[in-house]
Amino acid sequence: MIQEDISLKQYNTFGIKAKAKRFATFSSKAELSEILNQRNNDELLILGGGSNLLLTKDFDGFAIRNEIKGFEVVSEDNNTVSIKVGSGEVWHEFVLRCIDNNYGGVENLSLIPGSVGASPMQNIGAYGVEIKDVFIELEAYHIETGKVKVFSHKECRFGYRESVFKRELKGEYIIVSVTYRLTKNKHQIKASYGAILSELENNQIDSPTIKDISNAVITIRSSKLPDPKEIGNAGSFFKNPVVEKSILEKIQENYENVPNYPAPNGLVKLAAGWLIEQAGWKGKTFGNYGVHKKQALVLVNYSDCTGENILNLSTQIIEDVKDRFGITLEREVNIV
Ligand code: FAD
Ligand code: EPU
């Protein structure tokens, strides 16, 4: 059923009150095809969980929400299992189901909001793991022709918070399923991320299981990231900048302990949250919106601010960080 002039507030984790001219949900490829037949040349907005989205105005087009479900083991051997998952499944529920089945590989990605179908969009990552590490292939519906194409790992061109679907093929495909390969035994436990190690130590766990890792990640995340059910947000608003070593060295002249991590091709990744905090923005509040108190990389809507408020704040932060450090922060969140 197509609804008209409906509020998208409950469909975006920022809790922005923008409206869509038309709105529908789909729970299969056939339903998707059916509603796209009624598109009438409207601009499309594909919604998963709306957790990486900033709506800056009413959407004068057709917003379609993905509810394609499914969890199917497509092959397995003694050590691994391949699972094809409907793109409208909730990501964290998928993670918990894997852990219950003792399937390893996604436990470090516990508690990331949103849908399975958006996981390859920006190659979601946290605590030393990215979706590309367990990804096999995905099926995507070509909006113009209605044909379904299978994309291999290589064709998705994953990068840090990047894929071909955020760049060259932006707006052309709707992801309908994703297939992941997980381990059934000999799990590769990734606990080297500092906060995970100390969380395990606090609980006196020496040989963590995938469930222990998931629990540690959930505890760490809950301690610093705001729960969108309480405070509107979309996680990290900016990407961590990847820069030449000379830029790091310049900052180190004034700040000896600037956090930095090795990146491919001899570059270094800096922590945008640290740069924003040094620039004095952490915890700043402007009436009903601001910068989160515990994590400067997260912009927050305390109650009914507009998407424009958040967008303008992000522009001010970009300009200030550029003036102070010579680094231009890039937004991670999709702006509509
Ligand atoms: P949406 O916001 O609905 O969509 C994101 C973009 O993808 C939009 O452009 C949309 O049109 C498009 N899209 C969605 N589904 C499809 C589809 N099926 N086919 C084609 N296009 C589609 N991200 C991380 O990587 N790591 C984190 O640790 C992390 N932590 C977060 C913590 C919080 C509290 C929040 C609120 C967000 C966090 N995020 C994180 C960001 C977000 O959860 C992820 O990017 C997630 O994958 C978005 O999923 P979604 O279904 O909500 O996407
Ligand atoms: N930091 C500060 N001040 C802050 C925030 C961070 O100084 O206000 C410093 C921390 O002390 C630490 C460093 O910055 O030295 C990194 O901080 P943290 O470990 O919290 O991670 P992050 O770089 O801020 C990234 C991802 C998160 C992901 C975590 C854990 C990006 C843009 N963000 O955050 O992903 O969950 O690492 O792996 O890469 C998201 O993409 O939405 C997201 C939440």
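A short reminder: the numbers here are calculations on the coordinates, not readings from a lab. Owing to the predicted nature of the structure, the values given are computational and were not obtained by experimental measurement. We place every Cβ from the backbone using ideal geometry, glycine too, and count neighbours over all the protein chains shown.
Some points to look at:
- Of all aspartates and glutamates in the structure, the ones whose alpha carbon falls short of 18 Å from that of LYS224, not counting any fewer than 8 places away in one chain, are GLU199, GLU277.
- Evaluated over segment 3-66, the count of Lys pairs having alpha-carbon atoms less than 16 Å apart is 7 (only pairs 8 or more residues apart or interchain).
- Total lysine pairs in segment 232-335 at Cα distances under 19 Å, for residues eight or more apart or on different chains: 16.
- Helices that extend 15 Å or more along their long axis by alpha-carbon positions and average at least -1.0 on the Kyte-Doolittle scale are, among the DSSP H runs of the chain, 210-224, 307-325.
- Of the trypsin sites (Lys or Arg not before Pro) found in segment 186-223, those that fall in a DSSP loop while having at most 11 other beta-carbon atoms within 10 Å are LYS186.
- Bridgeable aspartates and glutamates around LYS132 (alpha carbons under 17 Å apart, same-chain partners fewer than 8 residues away excluded): GLU107, GLU155, GLU162.
- Of the GluC sites (Glu not before Pro) found in segment 266-336, the ones in coil according to DSSP and having at most 14 other Cβ atoms within 10 Å of their Cβ are GLU330.
- For segment 232-335, the relative contact order is 32 percent, taking Cα pairs closer than 8 Å that sit 6 or more residues apart in sequence and dividing their mean separation by the residue count.
- With contributions of -39500 (n - 2.57) from each DSSP H run of at least four residues, the per-residue ellipticity at 222 nm computed over the chain stands at -7000 deg cm²/dmol.
- Relative contact order of segment 3-66, defined on C-alpha pairs under 8 angstrom at six or more residues apart (%): 42
- Mean separation of Cα contacts under 8 Å (6+ apart) over length of the chain, as relative contact order %: 16
- Cα gyration tensor shape of segment 232-335, rounded if a/c is under 1.5, else prolate or oblate by comparing a/b with b/c: prolate
- Among beta bridges identified by DSSP and lying wholly in segment 14-136, the antiparallel ones come to about 45 percent.
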